[in-house]
Amino acid sequence: MFENIIGNDKVKDILKKSIETKRTSHSYMFIGIDGIGKQLFAKELAKAILCLEDEKAKKHTYCDKCKSCIEFNTNNNPDYKIINIEQDEKSIKINQIREMQVKISEKPIISHNKVYIINNADTMTIEAQNCLLKTLEEPPEYVTIILIGSSENSFLPTIKSRCTKIYFDSIPINQIKKYINEQEKIHIEDEILELCGGSIKKAIQLRENKELYNSINKIIEQIDKTDIVDILNISEILYKSKDNIYEILDNMNIICLRKAKKDYKYAKCISILEKTKKRLKANCNFDMSIDYMVFNIWREVN
């Protein structure tokens, strides 16, 4: 269990012990930055919870031989479901939670239990969270719900209070480099690893979009020496990168954080970037939000 997942050894020990002692929670909240394996951990935990082998706690956490494990491995286990943001949407909606609740009310088909994973659960609307709260307050004894998110503050206090919270750490750079070299069979530069923030996903994204990120990084690095006409070039780059905008803003955040250690005015830029994320998630006009962000960053450092 967890053998193929790198990092977060303390989390591995906690979850293994909960399985071995048969003391798993009815609701978990997995919190940590994107790209560090939270969903992989959730899937391994789900497989162990659903495993049917008798006395499995004495030997291992799942058998990989029972009907539940076999169906799980082929993505056909009816007692297991991952809920994701629907296509063209930016959040988990209340109708998705209601559909899940209908399925939760039905008894398990193969296993003795059921497991539901809500990916990007921190994007749930307030209505969706309030709807989910009804299930978290009185969950069926056979159900485990795992909420996966990067921002604990996005959850209602009533949701957080009913979940066992598991916090995930960033992955050390040397482990990321080794994993990418061995598993992805690609070379990744040290400067990219320094900007990935301990996330395998971000490291790969940075490498795949190296030219784009290099352009943005160069502008941010020199923004305090640039006039307003030139700095608006970054807006043009960001207009064309709408699909990757949150990853790009995260990358800009890392650069500003690094510069803030030497110059405090860059700390204010981090706040500007975070406010921009909130505006975009609230469906504010994309181009206007980007222009406002770029201008205010330039104003702070000049």
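The values are calculated or read from the model by the stated rules, or taken from the named source; none is laboratory data. For clarity, every value in this text was computed on a predicted model and none was experimentally measured. Glycine gets a Cβ as well: all are built from the backbone with ideal geometry, and neighbour counts include every protein chain shown.
Before moving on, here are some points about what is shown:
- The one condition in (1) of a type in the set (Asp, Glu); (2) surrounded by 19 or more Cβ atoms within 10 Å (Cβ to Cβ); (3) out of contact with any Ser or Thr (no Cβ under 9 Å at 6 or more places or on another chain) that Glu152 fails to fulfil: (2)
- For Glu141, the criteria (1) within 30 Å of Met293 (Cβ to Cβ); (2) part of a loop (DSSP other than H, G, I, E, B) hold in every case but one, which is (1).
- When the criteria are applied in full, Ile36 fails the requirement of being touching a strand residue (DSSP E or B) at 6+ places or on another chain (Cβ under 9 Å), crowded, with 18+ Cβ neighbours inside 10 Å, assigned to a loop (DSSP other than H, G, I, E, B) and not small (Gly, Ala, Ser).
- Residues that are within 19 Å of the chain's Cα centre (by Cα) and hydrophobic (A, V, I, L, M, F, W, C), drawn from the stretch 244-281: Ile245, Ile248, Leu249, Met252, Ile254, Leu273, Leu280
Residue by residue, here is whether (1) surrounded by fewer than 15 Cβ atoms within 10 Å (Cβ to Cβ); (2) touching a strand residue (DSSP E or B) at 6+ places or on another chain (Cβ under 8 Å); (3) modelled with pLDDT under 80; (4) part of a helix (DSSP H, G or I) holds:
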site	(1), (2), (3), (4)
Ile220	no, no, yes, yes
Val229	yes, no, yes, yes
Ser235	no, no, yes, yes
Glu247	no, no, yes, yes
Ile254	no, no, yes, yes
Asp263	yes, no, yes, no
Ala267	yes, no, no, yes
Ile270	no, no, no, yes
Glu274	yes, no, no, yes
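- Summed over the stretch 53-90, the residues that are touching a Cys at 6+ places or on another chain (Cβ under 7 Å) and modelled with pLDDT of 90 or more give a count of 3.
- Test: Leu45 is crowded, with 16+ Cβ neighbours inside 10 Å, touching a residue at least 60 places away in the same chain (Cβ under 8 Å) and assigned to a loop (DSSP other than H, G, I, E, B): no
- All positions within the stretch 108-126 that are in a loop (DSSP other than H, G, I, E, B), in contact with a strand residue (DSSP E or B) (Cβ under 9 Å, 6 or more places away or on another chain) and farther than 11 Å from Pro78 by Cβ: Asn113, Asn119, Asn120, Met124
- Some residue of the stretch 7-25 being among the hydroxyl-bearing types (Ser, Thr, Tyr), farther than 28 Å from Thr123 by Cα, in contact (Cβ under 8 Å) with a residue 12 or more places away in the chain and in a helix (DSSP H, G or I): no
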